Amino acid sequence: MNKPKIGVIGIPGKWSTEVLADRLEERTGFRAVIDMNQVELRLDTNQLIYQDLDLMALDGLIIKKISEVYSPATEDRIHLLSYAERAGVKLFSPTASVGNLVNRLSGTLALQQGNIPMPRTRITENPEQAFATVREFGSAILKPLYSTKARGMIMLTEDDSDEFVRNALEEYRQSQSIYYIQQTVKLDGRDLGMVFVGGEYLCTYARVGNKDSWNTTINSGGKYEKFEPDAELIELGRRAQSCYDLSFTTVDIALTDQGPVVFEVSAFGGFKGALEGCDIDAASVYADYILRECVVQEGVLQKKEMAS
């Protein structure tokens, strides 16, 4: 059985993209890091071309990072990859799952339908309803529909004047089609990243914020620490990620004075938190999982060919 050829959709030069490509190359001898802004879909020849590589000829594609910044244009890239997926190229994670999570609203609705505890959240196009919600919540965060690592989020508190809140809502709406408003929760200065590979629990790390930022993201000066969750908390993470069909993900969980809540499930998930917080090479674990899945898929296809 030939070793599968797996390409990594990502950002060339970025650590998480490159380390995953490294781990796959160590196991298969094949390496391909693919930047989606250089990909061309040729419908007339049934090819998906990156440089001199036809992605349709690969055994699999890993969507490690589909764009530097999320936007509606990200969904266009997902459509291009779904063409290869429908033709039989294995995608990690499936494009339908990634598409659901790139847009914060569709991702949130899936969690709601799965009865996953979340902070109080309201969505509306109406500025007066948005204003009333912010005032009712007391402290709230305006979240863009397309963003990661707290980029573009606006924190509003009960101490802000009505004029300040209305101006913030107006500024937010200039770049957003709808208001996504989430009530803040009381944290102990950290939130959790719970890592799953192929739906199986791997580890949990804490993101510990510095005192100068309202969020705990590493972009805002936070750091990683190991965290040992109990079985009940792991089950919450498992239920949250099971709302989607993801090959690799990190579930963001907060421990609040009213119990744990899920902020979001990542469409991709990073490796650095597991490495620095848990001393686990998640890229290696993920590469091993992908190769096992490709072997299983090849075996299934061979059986189908023999049966026909």
Exercise for review: Taking the residues in region 188-197 that are open to solvent by 30 Å² or more (accessible area, probe 1.4 Å) and under 20 Å from Leu236 (Cα atoms) as candidates, determine which candidate is modelled with the highest pLDDT.
Suggested key: Arg190
Practice item. Please enumerate the residues belonging to region 163-182 that are outside any loop (DSSP other than H, G, I, E, B) and either open to solvent by less than 80 Å² (accessible area, probe 1.4 Å) or of a type in the set (A, V, I, L, M) (or both). Key: Val165, Ala168, Leu169, Tyr172, Arg173, Tyr179, Tyr180, Ile181, Gln182
**Study point:** Single unsatisfied condition, Phe268 versus (1) in contact with a Pro (Cβ under 9 Å, 6 or more places away or on another chain); (2) under 17 Å from Gly99 (Cα atoms); (3) not polar (S, T, N, Q)
**Key:** (1)
Point to revise | Inter-residue pairs, beta-carbon under 7 Å, first at negative phi and in region 85-114, second basic (Lys, Arg) and at pLDDT 90 or above, 6+ apart | key: Arg104/Lys143; Gly114/Arg239
Point to revise | Flag for Ala130 being open to solvent by less than 10 Å² (accessible area, probe 1.4 Å) and more than 16 Å from Asp245 (Cα to Cα) | key: yes
Check your understanding: Do we find that Ala267 is closer than 22 Å to Leu192 by Cα, hydrophobic (A, V, I, L, M, F, W, C) and at pLDDT below 95 in this structure?
Key -> yes
Review point. Residues in region 106-127 that are surrounded by fewer than 16 Cβ atoms within 10 Å (Cβ to Cβ) and of a type in the set (A, V, I, L, M): how many?
Key: 1
Check your understanding: What is the one condition in (1) open to solvent by 20 Å² or more (accessible area, probe 1.4 Å); (2) within 23 Å of the chain's Cα centre (by Cα) that Val8 does not satisfy?
Key -> (1)
**Study point:** Selection within region 172-212 - among the aromatic types (Phe, Trp, Tyr) and touching a strand residue (DSSP E or B) at 6+ places or on another chain (Cβ under 6 Å)
**Key:** Tyr172, Tyr179, Tyr180, Phe196, Tyr205
Check your understanding: Does Asn210 satisfy the criteria of being at pLDDT below 95, open to solvent by 20 Å² or more (accessible area, probe 1.4 Å) and part of a helix (DSSP H, G or I)?
Key -> no
**Study point:** Subset tally (residues that are free of Cβ contacts under 8 Å to residues at least 60 places away in the same chain and among the polar types (S, T, N, Q)) for region 223-281
**Key:** 2
Practice item. Report yes if some residue within region 46-53 is of a type in the set (Asp, Glu) and modelled with pLDDT under 95; otherwise report no. Key: yes
Review point. Do we find a residue being open to solvent by 30 Å² or more (accessible area, probe 1.4 Å), closer than 30 Å to Leu55 by Cα, in contact (Cβ under 8 Å) with a residue 60 or more places away in the chain and of a type in the set (D, E, K, R) anywhere in region 140-153?
Key: yes
**Study point:** All positions within region 161-177 that are more than 22 Å from Leu105 (Cα to Cα) and at pLDDT below 95
**Key:** none
Point to revise | Count - residues of region 26-79 that are among the β-branched types (Val, Ile, Thr), without any contact (Cβ under 8 Å) to a residue 40 or more places away in the chain and open to solvent by 50 Å² or more (accessible area, probe 1.4 Å) | key: 1
Check your understanding: When you go through Ala254, Ala240, Ala283 one by one, which is the residue that is modelled with pLDDT under 95, open to solvent by less than 10 Å² (accessible area, probe 1.4 Å) and either under 19 Å from the mean Cα position of the chain (by Cα) or small (Gly, Ala, Ser) (or both)?
Key -> Ala254
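Of everything in region 88-108 that's of a type in the set (A, V, I, L, M) and at pLDDT 95 or above, which residue is nearest to Leu233 (Cα to Cα)?
For region 88-108, the residue satisfying everything is Leu91.
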Review point. How many of the residues making up region 86-104 are surrounded by fewer than 17 Cβ atoms within 10 Å (Cβ to Cβ) and within 18 Å of Gly198 (Cα to Cα)?
Key: 1
Practice item. Return only the number of the condition from (1) surrounded by 14 or more Cβ atoms within 10 Å (Cβ to Cβ); (2) modelled with pLDDT of 95 or more that Cys294 does not satisfy. Key: (2)
Review point. Which numbered condition trips up Val185, out of (1) assigned to a loop (DSSP other than H, G, I, E, B); (2) surrounded by fewer than 13 Cβ atoms within 10 Å (Cβ to Cβ)?
Key: (2)
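The values are calculated or read from the model by the stated rules, or taken from the named source; none is laboratory data. Here the structure is a predicted model, which is why all the values come from computation and not from measurement. With ideal geometry, Cβ positions are generated from the backbone for all residues, glycine too; neighbour counts draw on all protein chains shown. Ligands, DNA and RNA are stripped out before the accessible areas are found, and what is left, the full protein with its side chains, is counted by its heavy atoms. Shrake-Rupley method; radii C 1.70, N 1.55, O 1.52, S 1.80 Å.
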